[in-house]
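The values are calculated or read from the model by the stated rules, or taken from the named source; none is laboratory data. The structure presented is a predicted model; accordingly, all values stated were derived computationally and were not measured. Backbone-built Cβ (ideal geometry, glycine too); neighbour counts: all protein chains shown. What goes into the accessible areas is simple: the full protein's heavy atoms, side chains included, and nothing from ligands, DNA or RNA. Shrake-Rupley method; radii C 1.70, N 1.55, O 1.52, S 1.80 Å.
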Amino acid sequence: AFASLDRAAQLANADPDIALKRGVMLQRMGRTVDAIEQFERVIELQPTNYSAPLNIGACYSLRGRYADAVHWYEKARDLNPSDPMAHSNILFVQLHNPAIELAELARLHRAFGERFGAPEGRYHDWPNDLDPDRKLRIGIVSAEFCGNASNSLVLPFIEGIDRTAFALYGFSNNPPRD
């Protein structure tokens with residue numbers, strides 16, 4: 001598939017869609033430096049392209065270069081302020097930023113929640129019991145509800161849970177076997 005994209009890029013060197021697809025493929029192959037070059041080519045050809053700076057941010061995030069990732073996510077956010085993806089990616093990267101104050105991180109997350117947390121038309125009237133003294137229901141989702149080493153880590157939690165205060169539910173995400 002990559003050889004086909006290389007050939008297409010040779011034939012249509014000024015096509016931002018081909019450069020974007022090549023960049024995504026290179027990114028998935030772990031070749032983030034080469035992917036960034038492709039995404040920068042997209043920006044040269046189509047400066048308003050939202051996906052290119054978003055993907056450059058992802059490449060820098062994968063490389064652990066979080067300040068650079070934030071810079072590119074902010075560029076993407078500025079191109080498409082109504083899309084939550086760049087905003088969310090900035091928050092995720094900031095979780096890895098040792099220089100950010102916790103109060104600032106909390107402020108950024110609250111602002112995101114206020115802006116994107118309750119989209120129009122989303123159901124808000126949940127019928128759950130609001131009594132603060134009710135049992136808290138805890139759900140555990142796992143593909144490993146079988147003989148597995150990770151169970152030795154979870155089993156003490158399950159055995160030690162206060163059944164008068166908590167109701168525990170398990171959900172397997174393994175496909176059923178015939």
Handout entry: Among the candidates ASN89, ASN97, residue that is at pLDDT below 90, open to solvent by less than 80 Å² (accessible area, probe 1.4 Å) and in contact with a Phe, Trp or Tyr (Cβ under 8 Å, 6 or more places away or on another chain)
Key = ASN97
Practice task
Could you please find all residues in the range 25-60 being open to solvent by 20 Å² or more (accessible area, probe 1.4 Å) and under 16 Å from the mean Cα position of the chain (by Cα)?
Solution key: GLN27, ARG28, SER51, LEU54, ASN55, ALA58, TYR60
Practice task
Answer yes or no as to whether ALA111 is modelled with pLDDT of 90 or more, small (Gly, Ala, Ser) and crowded, with 20+ Cβ neighbours inside 10 Å.
Solution key: no
Completion exercise
Residue hits (the range 24-61; farther than 25 Å from ASN97 by Cβ and not in a loop (DSSP other than H, G, I, E, B)) are VAL24, MET25, LEU26, ARG28, ASP34, GLU37, GLN38, ARG41, VAL42, GLU44, LEU45
Problem - Flag if ASN173 is closer than 30 Å to MET25 by Cα, loosely packed, with under 10 Cβ neighbours inside 10 Å and free of Cβ contacts under 8 Å to residues at least 60 places away in the same chain - result: yes
Practice task
Taking ARG65 as the residue in question, decide whether it is modelled with pLDDT under 95, under 17 Å from the mean Cα position of the chain (by Cα) and open to solvent by 70 Å² or more (accessible area, probe 1.4 Å).
Solution key: yes
